[in-house]
Amino acid sequence: MAEVSLSKLCKSFGREQAVIDMDMTIANGSFVVLLGPTGAGKTTTLRLISGLEKADSGSVSIDGQSVDNETPAQRDVAMVFQQYSLYPHMSVRNNLAFPLRSPILKTPKAEIERKVHEVAEILQITAKLDNRATELSGGEMQRVSIGRALVRDPAIYLMDEPLSSLDARLRADLRIELKRIQSDLGSTLLYVTHDQIEAMTMATHVGVMQDGRLIQFGTPREIYENPNSIYVAGRLGLPRINILPADLFPGTANKAVNLGLRPEHISYGDGVEASVKRVEHLGDQTRLHLDLKGHAITALSPPGNPYQAGSTIKIQPQNPLCFDQSGSRISGRT
Amino acid sequence: MSYSVTEPSPRQKWLAGTLVILYAVITMIPLLWIMMTGFKTPPDSISYPPKVFFEPSVEGYVNLFTTRTRVSPEQLESLPPPENFAEEIVRNRDMVIAGPSKFAGRFLNSVIIGFGSTFLSIFLGTLAAYAFSRFRIPLADDLLFFILSTRMMPPIAVAIPIFLMYRKLGLSDTHLGMILLYTAVNISLAVWLLKGFIDEIPREYEEAALIDGYTRFQAFYKVVLPQAATGIASTAIFCLIFAWNEYAFAVLLTSGTAQTAPPFIPTIIGVGGLDWPAIAAGATLFLLPVMIFTVMLRKHLLRGITFGAVRK
């Protein structure tokens with residue numbers, strides 16, 4: 001396990017700049033999640049760290065040593081690809097053993113056997129060890145793919161949306177399992193996802209990327225509670241944060257142009273009138289879909305939801321996030 | 001990609017089956033006739049009307065593998081009784097076996113040159129195809145076109161220069177010379193076919209292997225090669241068939257030590273009249289290696305058709 005740091009990393013493909021001036025330190029033992037839409041440069045960042053891509057400029061160092069001139073094999077990283085990348089001509093067992101047999105690790109036979117079984121046990125694929133990789137379901141393939149990383153003890157694990165192709169239950173199980181493995185072993189992990197639950201529950205740090213730049217880096221709580229722009233605020237939170245013109249709520253004294261209201265940042269009974277369009281009972285919570293002067297708002301209803309669809313209620317922002325014209329965060333009124 | 005296929009009706013199936021069988025029979029008749037002729041006696045082989053039913057004989061095969069001399073009936077009388085069936089067959093025609101023919105040697109030459117050039121074409125072709133498929137090579141498209149352009153004229157068009165070159169280089173009538181020549185002709189085909197197959201193999205597999213601790217070459221060897229087996233097998237069959245059947249260069253460049261079977265088989269005609277059974281026997285034996293090779297790789301050939309149908 002080691003600390004990985006990126007400094008001034010740049011990479012472009014033709015005219016398109018995939019990663020721009022990326023500075024990031026992934027501390028030893030931390031679980032860093034990269035968030036961002038497709039094309040933000042998350043996967044390219046992983047590939048630059050792994051050595052599959054060569055940076056145009058800037059540098060990657062692992063454990064204090066620059067690895068810019070090292071091959072992927074020499075860098076001692078493990079990577080889980082987004083698409084299943086199992087070797088189709090090998091059995092599951094051989095797929096898992098493949099990294100251990102590499103000329104760099106040259107693991108003894110008994111040790112390979114032990115590790116393969118251990119990982120297969122964790123990922124619940126013991127019964128499938130002798131199947132060919134092509135005879136597995138999508139979920140099983142992805143588990144083997146994760147297993148091929150877990151059999152190793154690399155400087156850093158790089159995972160590119162490893163759980164995205166799994167069904168909800170397996171995803172929940174593996175999420176907990178991955179987090180447990182990471183904290184038990186003290187592994188360093190860089191993880192790309194779109195899933196906010198994965199980001200919030202597993203990460204020690206979250207990096208938000210936009211158009212190749214890392215625009216905010218911090219703990220999940222910091223990112224959620226203290227985003228530095230509308231863009232970052234929109235990456236976390238489900239239902240999404242409501243972005244409304246600040247003048248909807250009279251009394252907004254400062255120069256905020258837009259207000260960011262998370263569904264739980266709305267107080268009821270006072271303020272501006274809004275009509276309830278729809279009520280969603282989710283079991284553990286109730287969501288209200290409101291219409292405020294033509295703006296749709298999703299809000300979290302107070303416990304024991306007293307409101308009906310079609311009724312008119314009064315709402316007031318509570319600790320809203322304030323943004324200026326360009327979408328940057330500015331200090332707002334409380 | 002998914003599409004639905006309606007189940008054909010029994011009549012359609014019957015029609016399709018009949019057509020396939022009919023086509024198979026039509027293509028098989030000449031082969032079957034050659035194989036039958038190999039087991040006829042010389043008079044049966046030229047009888048008119050042609051004989052479909054006949055008493056089988058191995059005279060053609062005996063004649064193929066031996067040279068014989070005619071002797072007078074008195075001399076024949078004075079000989080000790082024949083030692084084996086071959087001797088007996090030959091004496092029935094008032095001849096004795098003078099020695100082995102050159103067929104076995106020519107056949108061996110064909111095997112060495114055919115398989116040798118196939119191996120070399122595939123070996124070099126796979127490496128080149130991999131490089132074209134995976135690395136950014138300056139002028140890659142032009143190079144590929146240039147490689148293919150060697151096939152745009154009949155190879156025999158350059159026979160004279162090659163003949164002169166080979167004479168200067170001492171490659172005339174050598175195994176090495178013929179292997180190099182057939183490799184040069186086949187390699188463009190090999191590079192193009194194999195590039196297509198390797199392009200189909202997702203890069204992620206090699207990338208995963210690179211990260212798993214392997215070098216580029218090890219990743220190629222352990223991950224790409226096994227998956228390209230289908231393409232390699234089908235390409236190998238095409239290369240072998242060309243090298244095996246090639247006639248013009250073999251006539252021009254070989255005469256003795258490295259002569260292959262194709263130019264040799266017709267020379268049998270000149271030895272003691274039109275010996276069709278011997279020629280047919282030679283043709284039959286000549287067919288076998290390619291047939292066996294193709295049957296051995298059949299599984300891969302069939303898989304080649306469904307190549308690329310994997311989930312991405």
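The values are calculated or read from the model by the stated rules, or taken from the named source; none is laboratory data. All figures in this text were calculated on a predicted structure; none of them were measured in a lab. Note that each Cβ is placed from the backbone with ideal geometry, even for glycine, and that neighbours are counted across all protein chains shown.
Regarding residue B:154, is this residue modelled with pLDDT under 85 and under 30 Å from the mean Cα position of the chain (by Cα)?
Values: modelled with pLDDT under 85: yes; under 30 Å from the mean Cα position of the chain (by Cα): yes.
Judged against the criteria, residue B:154 is a match.
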Filtering the range A:16-36 for residues that are more than 22 Å from residue B:203 (Cβ to Cβ) and free of Cβ contacts under 8 Å to residues at least 40 places away in the same chain leaves a count of 1
Just one of B:312, B:299 is at pLDDT below 85 and assigned to a loop (DSSP other than H, G, I, E, B); which is it?
-> B:312
For the range B:58-109, name all the residues that are of a type in the set (A, V, I, L, M, F, W, C) and either free of Cβ contacts under 8 Å to residues at least 24 places away in the same chain or in contact with a strand residue (DSSP E or B) (Cβ under 7 Å, 6 or more places away or on another chain) (or both).
-> B:65, B:71, B:76, B:79, B:86, B:90, B:95, B:96, B:97, B:98, B:108
For residues that are more than 24 Å from residue A:77 (Cα to Cα) and more than 11 Å from chain A (Cβ to nearest Cβ), scanning just the range B:197-229, find the one that is nearest to the chain's Cα centre (by Cα).
-> B:197
Before we move on, is residue A:43 in contact with a helix residue (DSSP H, G or I) (Cβ under 8 Å, 6 or more places away or on another chain), of a type outside the set (Lys, Arg) and within 12 Å of chain B (Cβ to nearest Cβ)?
-> no
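Yes/no matrix, rows are residues, columns are (1) surrounded by fewer than 16 Cβ atoms within 10 Å (Cβ to Cβ); (2) away from chain B (no Cβ under 11 Å):
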position: A:78; (1), (2): no, no
position: A:98; (1), (2): no, no
position: A:103; (1), (2): yes, no
position: A:113; (1), (2): yes, yes
position: A:123; (1), (2): no, yes
position: A:129; (1), (2): no, yes
position: A:144; (1), (2): no, yes
position: A:152; (1), (2): no, no
Within the range B:259-267, is there a residue that is within 14 Å of chain A (Cβ to nearest Cβ), among the hydroxyl-bearing types (Ser, Thr, Tyr) and part of a helix (DSSP H, G or I)?
-> no
Do you know which of the residues in the range B:120-150 that are within 19 Å of residue B:238 (Cβ to Cβ) and among the aromatic types (Phe, Trp, Tyr) is surrounded by the most Cβ atoms within 10 Å (Cβ to Cβ)?
-> B:130
Single residue of A:63, A:56, A:76 found to be in the same structural domain as residue A:185 (by TED's automatic domain parsing), more than 25 Å from residue A:185 (Cα to Cα) and among the acidic types (Asp, Glu) = A:56
Just wondering, is there one or more residues in the range A:83-90 that are within 14 Å of chain B (Cβ to nearest Cβ), surrounded by 21 or more Cβ atoms within 10 Å (Cβ to Cβ), touching a helix residue (DSSP H, G or I) at 6+ places or on another chain (Cβ under 7 Å) and at pLDDT 90 or above?
-> no
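Looking only at strands (runs of 3 or more DSSP E) that fall completely inside the range A:184-293, which ones have 3 or more residues that are among the hydrophobic types (A, V, I, L, M, F, W, C)?
In the range A:184-293, A:189-192, A:205-210, A:213-218, A:266-281, A:286-292 are the strands (runs of 3 or more DSSP E) which contain 3 or more residues that are among the hydrophobic types (A, V, I, L, M, F, W, C).
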Does the range A:246-266 contain at least one residue that is more than 22 Å from residue A:328 (Cα to Cα), surrounded by 13 or more Cβ atoms within 10 Å (Cβ to Cβ) and in the same structural domain as residue A:306 (by TED's automatic domain parsing)?
-> no
Kindly list, by first and then second residue, each pair from a residue in the range B:164-184 that is under 18 Å from residue B:247 (Cα atoms) to a residue that is surrounded by 13 or more Cβ atoms within 10 Å (Cβ to Cβ) and of a type in the set (D, E, K, R), limited to pairs with Cβ atoms under 8 Å and residues at least 6 apart or on different chains.
-> B:182/B:246
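Is there a residue being in contact with a strand residue (DSSP E or B) (Cβ under 6 Å, 6 or more places away or on another chain) and farther than 16 Å from residue A:23 by Cα anywhere in the range A:96-109?
Within the range A:96-109, none of the residues are in contact with a strand residue (DSSP E or B) (Cβ under 6 Å, 6 or more places away or on another chain) and farther than 16 Å from residue A:23 by Cα.
If you check residue A:49 against the conditions, is it crowded, with 22+ Cβ neighbours inside 10 Å, more than 9 Å from chain B (Cβ to nearest Cβ) and over 21 Å from residue A:139 (Cα atoms)?
Taking the combined requirement at face value, the residue satisfies it.
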Of everything in the range A:184-225 that's among the hydroxyl-bearing types (Ser, Thr, Tyr) and more than 9 Å from the chain's Cα centre (by Cα), which residue is nearest to residue A:27 (Cα to Cα)?
-> A:188
Options A:134, A:45; residue that is among the hydroxyl-bearing types (Ser, Thr, Tyr), in a helix (DSSP H, G or I) and in contact with a strand residue (DSSP E or B) (Cβ under 9 Å, 6 or more places away or on another chain) = A:45
Kindly indicate whether residue A:14 is more than 14 Å from every other protein chain (Cβ to nearest Cβ) and either out of contact with any helix residue (DSSP H, G or I) (no Cβ under 6 Å at 6 or more places or on another chain) or under 15 Å from residue A:153 (Cα atoms) (or both).
-> no
Here are A:169, A:180, A:175: which of them is closer than 29 Å to residue A:36 by Cβ, basic (Lys, Arg) and surrounded by 16 or more Cβ atoms within 10 Å (Cβ to Cβ)?
-> A:175
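Residue-by-condition table, conditions (1) at pLDDT below 90; (2) under 24 Å from residue B:300 (Cα atoms):
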| site | (1), (2) |
| --- | --- |
| B:178 | no, no |
| B:182 | no, yes |
| B:187 | no, yes |
| B:192 | no, yes |
| B:198 | no, yes |
| B:201 | yes, yes |
| B:209 | no, no |
| B:222 | no, yes |
| B:239 | no, yes |
